[in-house]
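The values are calculated or read from the model by the stated rules, or taken from the named source; none is laboratory data. Keep in mind the model is a prediction, meaning the values are calculated, not measured. As a convention, Cβ positions derive from the backbone with ideal geometry for all residues, glycine included, and neighbour counts pool all protein chains shown. These area figures cover heavy atoms from the full protein model, side chains too; ligands, DNA and RNA do not enter into them. Shrake-Rupley method; radii C 1.70, N 1.55, O 1.52, S 1.80 Å.
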Amino acid sequence: MTGPEVALFFHILGVFLLVGASSISHLAGARLRRAETVAEARTWLGVLKLVDPLFPGAIIVIFGAGAYMVSDVAFFDWDQAWVSVALGTLIAAGALGGGFLSRGLRGVMAEAESAEEGPMPASLRRAVLNPVLFAAENVLDLWIIAIMYMMVDKPNLAGALAAVLIATAVGAASYVPASKRLEGVEGVEG
Ligand code: HEM
């Protein structure tokens, strides 16, 4: 295998790790939102805590291998829109995931730690059902899908930006049904 082929292998391995971690994260998130007791919520939060460090690891592998390919292969270049928009979106995904979502997760964990054993208190239910965290997670995953489209189709700037904008809009729109889940939870304005 040539250097670029080895890099493509690790690049796609990084994508497998990213998609795998994201899938487990979505499953645990869905179970967490249905938790009836504090103990159940802590179990699924424990799974999310285990998965969280896989995201920066996957992003480093994806970027490292991708950068090598762009630098080494003659017909790839940093000023090609599919490369630069993908890179920008990956950096934004890292900030949204590593910054906002991880901090949000830590907040929910602190709420769960301080809760008394037994049925879910309203404060923890509100934290778990936070529609902003839900929408942010969906935006992040749809960005990854938009990048995958860029990798295969290699669109021009308009096409690459359109993919990111559509992904952002669809992900952000998931805030609406998620905020409806909060209705009826104690302490939430009707
Ligand atoms: C989450 C982010 C990313 C995902 C999911 C992703 C996914 C993929 C996939 C599935 C392929 C195989 C496509 C094919 O063979 O047709 C690929 C190829 C490639 N990726 Fe990425 N990629 C990501 C980020 C990046 C970044 C940031 C760069 C540049 C720094 C990059 C550079 C490349 C290159 C140069 C190829 C080879 C393209 C080819 O052989 O046609 N990727 N990527």
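Among the residues making up region 124-158, those that are open to solvent by 20 Å² or more (accessible area, probe 1.4 Å), not in a loop (DSSP other than H, G, I, E, B) and not hydrophobic (A, V, I, L, M, F, W, C) are Arg125, Arg126, Glu137, Asn138, Asp141, Tyr149, Asp153. Considering only residues in region 30-42 that are farther than 13 Å from Val108 by Cβ and of a type outside the set (Lys, Arg), the one that is least open to solvent (accessible area, probe 1.4 Å) turns out to be Ala30. Which of the residues belonging to region 12-29 are open to solvent by 40 Å² or more (accessible area, probe 1.4 Å), within 12 Å of the chain's Cα centre (by Cα) and of a type in the set (A, V, I, L, M)? Result: Val19, Ile24.
In the set Gly171, Gly118, Gly184, which member is open to solvent by less than 30 Å² (accessible area, probe 1.4 Å) and free of Cβ contacts under 8 Å to residues at least 40 places away in the same chain?
Step by step, each of Gly171, Gly118, Gly184 is checked, and only Gly171 is open to solvent by less than 30 Å² (accessible area, probe 1.4 Å) and free of Cβ contacts under 8 Å to residues at least 40 places away in the same chain.
Pairs are defined by a Cβ separation below 7 Å, a sequence spacing of at least 6 or placement on different chains, a first member in region 69-96 that is more than 9 Å from the ligand (Cβ to nearest atom), and a second member that is open to solvent by 20 Å² or more (accessible area, probe 1.4 Å) and of a type in the set (S, T, N, Q); the pairs so defined are Ala81/Asn156. Only a single item in (1) at pLDDT below 95; (2) open to solvent by 30 Å² or more (accessible area, probe 1.4 Å); (3) of a type in the set (A, V, I, L, M, F, W, C) is not met by Val73, and it is number (2).
Here is the figure for region 1-49: residues that are in a helix (DSSP H, G or I) and within 13 Å of the ligand (Cβ to nearest atom) total 20.
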